[in-house]
1. Note down the magnitude of the dipole of segment 221-265 about its Cα centre, charges +1 on Lys and Arg C-beta and -1 on Asp and Glu C-beta and zero elsewhere, to the nearest 20 debye.
2. Looking at segment 188-369 from every direction and averaging, what is the projected area of its Cα convex hull in nm²?
3. For segment 38-118, what is the accessible area per residue in Å², given a 1.4 Å probe and the full set of protein chains?
4. Among the chymotrypsin sites (Phe, Trp or Tyr not before Pro) within segment 237-315, which fall in a DSSP loop and have no more than 15 other Cβ atoms within 10 Å of their own Cβ?
5. Given 0.36 nm per residue, what is the gain on full extension from Thr338 to Ser93 after removing their alpha carbon distance, in nm?
6. Under a 5 Å amide H to amide H cut-off, with H placed in plane at 1.01 Å, what residues pair with Thr278 once short-range neighbours are removed?
7. Tell me, what is a quarter of the convex hull surface for the C-alpha atoms of segment 223-274, in nm² with one decimal?
8. Quickly estimate the mean residue ellipticity at 222 nm for the chain, helices only: each DSSP H run with n ≥ 4 gives -39500 (n - 2.57), and the total goes over all residues, rounded to 500.
Amino acid sequence: MVVGKENPPMEKESANTVAGSESHKRARLAILELANMISVPMSLNAVVRLNIADAIWQGGSNFPLSASEILARVVPSGGDADNLERILRMLTSYGVFEEHLNPNSSDRRYSLTDVGKTLVTDSDGLSYASYVLQHHQDALMRAWPRVHEAAIDASTEPFVRANGEAAYSYYGKNEEMNLLMQRAMAGVSVPFMKAVLDGYDGFGGVEKLVDVGGSAGDCLRMILQKYPHIKEGINFDLPEVVARAPSIPGVTHVGGDMFKSVPTGDAIFMKWVLSTWTDDECKMILENCCKSLPAGGKLIACEPTVPEKTDDSHRTRALLANDVFIMTIYSAKSKQRTEDQFRQLGLSVGFSALRSFHVDYFYCVLEFEK
């Protein structure tokens, strides 16, 4: 400050200052994209319902097709090719389809990118298509307008506020939803388990393996096929879940409650279990696992691990979007965690160390050592 001389008042910054600047133009564009972002998952849901990926793939040809040609394959009775093309163009901008333009006409044709190929039904009848459908069922969609309520009162998740009961209970009473959940988990699990079995060798020396939350036993089946030296596999899940599980050579289905006890084994395996529970609930699960392991035993947990620092990479966005999904649908206080947060939970219940193996961009293999 200059003594004896009046200083000019500081100009206050306004949210609309230099509204015509390039940065402000980019900001307005970005908020418009975010405000209309619902078009992306809903359009993805639409192409899955129409079975468009399989229509283009046709056993591996992936020959570029126009919207009218695609429509003829999925809706033989006819439809609106112009509206389908609008959906295809939008998803092309997000890397699901590749657009092929005819330089001599306005004709547009579409083939599948690697992202689009994840929606193609494989020889086992699996794909990520069921995962897309499962996320956009009416009961789940009713919860999304209430996400803000999780920030006001975390005692009840938005799904319960919208539907009157917890998601897993709701699924259990609806056979169609339950079957879709199983198909969705199988579609995600199989490619991930292939990555685990290719990039992680921690099942060597294990003779008795317990899969906590193993559902139908698909993961155990794949592990035992790769490691035939494992003499016994225990598929552990809720009694009503294992009651429907198919017979698998070398696998015994056991019903129970992981919050009360876990079957003993040389090693325990679980996939995407801890992320859907609170810290206190995770401690109970981890403690029961630790009690059921011998000295030198290990828990092999496959979980998404969020980065310490937030950035705008596809991986971070996918992980944090899934974290909000968990908060909205399964539990307002369940969450995805960093590796260090998992380490601290393990140490607090008796595990001695944690090693991580990044065999996938989304999931991480966490090895808790006793």
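The values are calculated or read from the model by the stated rules, or taken from the named source; none is laboratory data. Note that this is a predicted model, so its numbers are computed, not measured. No Cβ is skipped: glycine too gets one built from the backbone with ideal geometry, and neighbour counts run over all protein chains shown. SASA here: full protein model, heavy atoms, side chains in, ligands and nucleic acids out. Shrake-Rupley method; radii C 1.70, N 1.55, O 1.52, S 1.80 Å.
1. Dipole size: approximately 180 debye.
2. Its average projected convex-hull area is 9.8 nm².
3. 55 Å²
4. Phe259
5. Full extension of this stretch gives 85.1 nm more.
6. For Thr278, no residues qualify.
7. 4.1 nm²
8. Helix-only estimate at 222 nm: -12500 deg cm²/dmol.
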